[in-house]
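Below is one structure, written out as structure tokens; the observations come after it.
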Amino acid sequence: MTGPADYSAKILRIAQRSDKAAFAELFGYYAPRIKGFFMRGGMAPGQAEELAQETMLMLWRKASLFDPAKASASTWIFTIARNLRVDAIRRERYPAAHLMEEHEPDLEPSPSEMLLRLEGETLVRTAMQKLSPEQMSVIQQHYFDDKPHSEIARTLDLPLGTVKSRLRLAMQHLRNLLGEE
């Protein structure tokens with residue numbers, strides 16, 4: 001009987017050696033389960049089949065990104081499936097949105113728009129200088145360095161709840177300083 005460690009090993013073999021036999025075994029085991037997952041979520045059988053195959057294709061292409069220390073094979077594969085399902089739902093709800101973004105011309109802002117933007121940036125910078133160093137640190141790391149809360153907590157050696165509280169309070173303080181409610 002094949003277990004979770006075996007499935008992880010098969011993904012690693014795909015990543016290292018493009019092992020088709022390992023892929024075939026993973027496909028045989030996971031594709032029907034992924035299709036069932038999609039269908040239980042209300043997806044039509046044809047679309048569920050298509051997304052299950054797309055999930056497995058993504059597994060083949062992205063196998064080198066799999067880290068068994070971070071997730072089990074099953075968790076990793078179903079995360080891929082969930083993300084593809086979310087993308088499919090977005091495409092259904094907003095079918096032309098992604099097309100509009102790619103072909104929309106970049107218009108130069110008018111002088112009045114540039115002035116308003118500059119004034120807004122100046123107001124925000126001034127308000128940020130009024131934050132405590134602790135609040136400024138979490139704002140900087142989260143919004144400017146794009147770090148998740150957990151990484152900020154590790155960096156600052158703080159509990160995760162403290163980081164979230166500082167961030168929430170800092171944003172609330174900024175809103176008050178900027179006259180937003």
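The values are calculated or read from the model by the stated rules, or taken from the named source; none is laboratory data. What you see is a predicted model, and the numbers here were worked out from it, not measured in a lab. In this analysis, Cβ positions are derived from the backbone assuming ideal geometry, glycine residues included, and neighbour counts consider all displayed protein chains. SASA here: full protein model, heavy atoms, side chains in, ligands and nucleic acids out. Shrake-Rupley method; radii C 1.70, N 1.55, O 1.52, S 1.80 Å.
Remarks
- Verdict on residue 181 being at pLDDT below 85, in a loop (DSSP other than H, G, I, E, B) and out of contact with any Cys (no Cβ under 8 Å at 6 or more places or on another chain): yes
- Candidates 9, 21, 63, 52 - the one that is among the aliphatic types (A, V, I, L, M), under 23 Å from residue 91 (Cβ atoms), open to solvent by less than 80 Å² (accessible area, probe 1.4 Å) and part of a helix (DSSP H, G or I): 52
- Looking across the stretch 116-146 at every residue that is modelled with pLDDT of 85 or more and not in a helix (DSSP H, G or I), the one that is surrounded by the most Cβ atoms within 10 Å (Cβ to Cβ) is identified as 131.
- Of all the residues in the stretch 6-47, those that are closer than 13 Å to residue 74 by Cα and either aromatic (Phe, Trp, Tyr) or over 26 Å from the mean Cα position of the chain (by Cα) (or both) number 6.
- Whichever residue in the stretch 29-44 is farther than 17 Å from residue 7 by Cβ and in contact with a helix residue (DSSP H, G or I) (Cβ under 6 Å, 6 or more places away or on another chain) and, among such residues, is least open to solvent (accessible area, probe 1.4 Å): 38
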